[in-house]
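What follows is calculated from the coordinates using simple rules that are stated; it is not laboratory data. All values reported here derive from a predicted model rather than from experimental measurement. Every residue, glycine as well, gets a Cβ built from its backbone with ideal geometry; the counts of neighbours run over all protein chains shown.
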Amino acid sequence: MVIDLTTLPADRVPVVADLPPAALDVPADDFVVEAPVHFDGEVERGSAETYHLRGRLTATLSLSCARCAESFPFPVATDVELRFVPAAVERAGLVPAAAAGDDDGREMEDDDPSIVPYDEPRIDLAQVAREQCYLALPMKPLCREDCQGLCPHCGVNRNVATCTCENRWEDPRLAGLKSLLKDADGSAPRE
Ligand SMILES: [Zn+2]
Ligand SMILES: [Zn+2]
């Protein structure tokens with residue numbers, strides 16, 4: 001869904017949309033969008049061709065667990081607060097003061113995530129939804145806090161099965177100690 005900013009019927013227009021997962025165009029390796037992404041908010045015309053998009057975005061993603069590689073549902077519910085500014089204005093550092101954050105005379109931060117420079121006066125809501133989903137991703141996705149992960153020896157998912165590998169695991173420090181003891185008494189390795 002694309003909002004044409006030049007034809008806004010009023011200074012403040014409600015924006016409610018359900019975006020089909022495919023519209024977000026996310027590589028399946030990153031995550032899967034499981035259901036239409038819902039946005040409920042408004043766009044407001046500001047001064048100097050600046051437009052504010054604000055609202056709430058909700059989505060259900062499917063992520064791959066960093067420990068066990070199983071997919072798990074990941075709900076996203078995030079407040080969106082973006083200012084769309086003409087690219088030329090943004091480049092010139094002429095973004096209205098309210099957007100600059102600090103008023104101690106410093107240049108506007110280039111990476112202010114709430115400012116979106118635009119070349120064409122339109123808002124691609126699917127693009128916004130895509131970025132918001134990426135921003136909501138956890139650093140390390142886990143299917144659950146105490147995910148046991150995969151056994152490094154046999155690869156079994158230790159959340160759903162047990163293997164006997166753990167019994168054979170030996171603390172490498174203990175192994176070093178054993179060989180020391182072995183050397184000390186000169187006998188063959190004991191098992
Ligand atoms: Zn897991
Ligand atoms: Zn195992």
On the formula 1/(1 + (r/R0)^6), with r taken between the Cβ atoms of Val16 and Glu145 and R0 of 41 Å, the FRET efficiency rounded to 0.05 is 0.75
The computed P(r) of the stretch 2-136 puts the percent of Cα pairs beyond 17 Å at 62
Where does the charge balance sit around Arg144 when Lys and Arg score +1, Asp and Glu -1, over other residues with C-beta under 14 Å from its C-beta?
-> 0
What does the highest-first list of 15-28, 56-69 look like by mean Cβ count within 10 Å?
-> 56-69, 15-28
If amide H atoms are built 1.01 Å from N in the plane of the peptide, which residues on other chains or at least 5 residues away come under 5 Å of the amide H of Val76?
-> Ala59, Thr60, Leu61
Given a Förster distance of 25 Å, the FRET efficiency implied by the Cβ-Cβ spacing of Gln127 and Glu70, rounded to the nearest 0.05, works out to 0.25
Taking Lys and Arg as +1 and Asp and Glu as -1, residues besides Leu61 with C-beta under 10 Å from its C-beta add up to -2
Counting only residues 5 or more apart in sequence or on a different chain, those whose built amide H sits under 5 Å from that of Val116 are Arg83, Phe84, Val85
What are the residues whose amide H is under 5 Å from the amide H of Ala66, where those residues sit 5 or more places off or on another chain and H is modelled from the backbone?
-> Leu142, Cys143
Assuming R0 = 41 Å, can you tell me the calculated FRET efficiency for the pair Lys182 and His153, based on Cβ-Cβ distance, to the nearest 0.05?
-> 0.95
